[in-house]
Amino acid sequence: MTIDVVDWQAAVQAIADSDQAVISCHVHPDGDALGSALALHRALANAGRKPVVSFSEPFMVAPQYRFLPGIEDLTPPDQVSRAADLFVCFDVGSLDRLGSLVDAFEGAVRTVVIDHHASNTRFGDVNLVDPSAPASAVLCRELLRRLGLPLDGDIATALYTALVTDTGRFQYQATVPDTHLLAAELLSAGVDQYEVSKAVFETNDIGYLRLLADVLGRLQQVPAVSLVWTVVSEADLAVHGIDMEQTEGLIDLVRTDGASDVAAVLKEQADGAYKVSLRSKGGANVGQLASAFGGGGHALAAGFTSDAGVEDTLRRIVEGLGAQARDRDRDRDRDGNRARDRDRGR
Ligand SMILES: [Mn+2]
């Protein structure tokens, strides 16, 4: 944990002092964002408090998360107070990622930001940010412990769903022994892990499977920068009757191309812009790349939005990856020269 104890204490104090906290997460919430927010909401409600949990327009939960306990407690964002005594958000790297709840955040008396994105802009009064945490849910669990709020089966299910999705089923690099210990603790608290797996990983819409056939059919490799990429258009969604929210897992298939270090999926938005998801297996730093284009994320998983069209967006990605590769080569050469100089006794 890289979070200062003073910050933990400030967050605990802020939450303990609040009666009607607004709890939220980023737009188009994934399992970690939604699971963490629902977990804190339920824990506070169990303690007799009156928290509100919500997220931005479009106020739609992706189908694979609709089984989550507490989903029925979500309040539409336009009904959320713009003058709450406290606003707590999970998995939100920067203020704009709160979408239509930005004004609710800005109107709150106190704000607490809990996140694990390396690119987090620390926009809260209190910021609990640990880029080494494999999921925001890990920080949520620690917060509950410090608040003295016990787990129940529903809280554990929300946190487990967050953990299993953000770690790629305990596969990604941030997964450490403590991650498995937390999973064990959550399962012991009453999670039916196969119900979670079935809902999240084993239930696809036939339209999505057919969309996959189209989208994977147009995969392209750019060997010069070890990139594989594809695009999902609004037309694809219309043809197969799919919402963009349902394509969250697509990048995980694309990234399995064994010949490529970096995977990119360009998703066309209703306004014609493209949301770009990026993954790296360790060669490139896609977080740095996404930040350069106004987005953010982690070294191995990041994203940004582009209104430049497919061709120009791709050209920028390729140029950015090329520049990173040249920087890495230069660093390697310099280190090599140093080692040689040392060997020669200079
Ligand atoms: Mn996360």
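Summary table
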| item | result |
| --- | --- |
| Radius of gyration and Dmax over the Cα atoms of the chain, both given in Å | 21.0, 72 |
| In Hz, Karplus ³J(HN,Hα) per residue of the range 143-153 (6.51, -1.76, 1.60; θ = phi - 60°; x = Gly, Pro) | 4, 4, 4, 5, 7, x, 9, x, 6, 10, x |
| The range 182-223 shape via C-alpha gyration tensor axes, a/c threshold 1.5 | oblate |
| Pairs of alpha carbons in the range 5-201 whose separation is greater than 21 Å (percent) | 44 percent |
| Rg/Rh for the range 59-156, where both radii come from Cα atoms and Rh is the Kirkwood radius | 0.96 |
| Percent antiparallel among DSSP beta bridges (both partners in the chain, rounded to 5) | 45 percent |
| C-alpha center-to-center spacing [the range 1-36, the range 62-85] in angstrom | 15 Å |
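FYI, it's all coordinate maths here, none of it is from the lab. From a predicted model like this one, the values you see are computed outputs, not experimental measurements.
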